[in-house]
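In what follows, a structure is listed as structure tokens, so that the remarks can point back to it.
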Amino acid sequence: MTQKKPWRTAISRFSSESVEIAGYKHEDLIRKLDFAGSLFVLYQQRMPKPAEAKLLNAMLIAAIDHSIVASSAVTRIVSASGVPLQASVAAGILTIGDIHGGAGQELSRRLEEWVGEARRDQLPLRDKATQIVQALRQAGERLEGYGHPLHPKGDGRVDALVGVANELGLAGPHLEIALAISDAIQVASGKSLPLNIDGVIAALASDLGFNWRLGRAFIFVPRAAGLAAHAMEEATRERGWRKIASPEDIEYDGPAPRSVD
């Protein structure tokens, strides 16, 4: 009887002579693929087509930085406290959640579900989008992945990614229904609520065949590069111990001064 080993993985293996990722020699990946292509191999266990790797690369570039937002601000605050680079970056990544940078994961899951339902019911995706918006409005439910407080009229990054997907012939049903939902929202409410960067990356990731559970990885993996730049800049250009607030910036509404007696 073969003894069960303490660890199991289908991702990669190593020996004293070599490393393999999904069965491919690491040195071959180094010679023949870029980072996005290697990420594709890592997450899907197969070699991407050139167009697939190019689209994934565009997605990663789209999320690489967004100036001073929650993740970069936290990274800078931590870096200003004298914390090492990797810890400062990790602190920033920890801000990526349901509201900041993480909406794509749940949207990707729902897009896959809705596309599956439309196929089952032989319903055009635009009609399915109308149904979805009606149901969400009746339930008073907010759909993540749409609208952005910093880009209320639309985000150029989204337009660029949609353009790249179309140029490469990789704009699939998940992107189609995601865009149709935005149109359906405008028809139903009279208000523009464009697909945001989390939403478009979610749709494209699903079209590329990635598991929806990886949704946030397509944000925090490239954003780590941007956060490293912010941490380094904070450490080299600023004086350290970043001031967060002055007393006059804070409204205290707790108990009045009192004695411990």
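The values are calculated or read from the model by the stated rules, or taken from the named source; none is laboratory data. For clarity, every value in this text was computed on a predicted model and none was experimentally measured. Please note: Cβ atoms are built from the backbone with ideal geometry, for glycine as well, and neighbour counts cover all protein chains shown.
Which fully enclosed helices (runs of 4 or more DSSP H) of region 90-175 have 2 or more residues being within 19 Å of F210 (Cβ to Cβ)? Spell out how you get there, then give the answer.
Numbers: elements: 103-120, 125-139, 156-167.
Where helices (runs of 4 or more DSSP H) fall fully within region 90-175 and carry at least 2 residues being within 19 Å of F210 (Cβ to Cβ), they are 103-120, 156-167.
Can you go through G215, G190, G169 and tell me which one is surrounded by fewer than 22 Cβ atoms within 10 Å (Cβ to Cβ) and closer than 28 Å to K49 by Cα?
Checking each option against the conditions leaves just G169.
Looking only at residues that are polar (S, T, N, Q) and more than 30 Å from the chain's Cα centre (by Cα) in region 217-261, which one is farthest from A70 (Cα to Cα)? Spell out how you get there, then give the answer.
Of region 217-261, the ones polar (S, T, N, Q) are 236, 246, 259.
Next, only the ones that are more than 30 Å from the chain's Cα centre (by Cα) stay: 246, 259.
Details: S246: 20, S259: 38 Å.
The residue in question is S259.
Which of the residues that make up region 67-89 are more than 16 Å from T236 (Cα to Cα), buried (at least 18 other Cβ atoms within 10 Å of the Cβ) and out of contact with any strand residue (DSSP E or B) (no Cβ under 9 Å at 6 or more places or on another chain)?
If the condition is that a residue be more than 16 Å from T236 (Cα to Cα), buried (at least 18 other Cβ atoms within 10 Å of the Cβ) and out of contact with any strand residue (DSSP E or B) (no Cβ under 9 Å at 6 or more places or on another chain), then V74 is the only one that fits.
Based on what the data block shows, is A53 touching a Lys or Arg at 6+ places or on another chain (Cβ under 6 Å) and either modelled with pLDDT of 95 or more or surrounded by fewer than 20 Cβ atoms within 10 Å (Cβ to Cβ) (or both)?
When the stated conditions are applied, A53 does not pass them.
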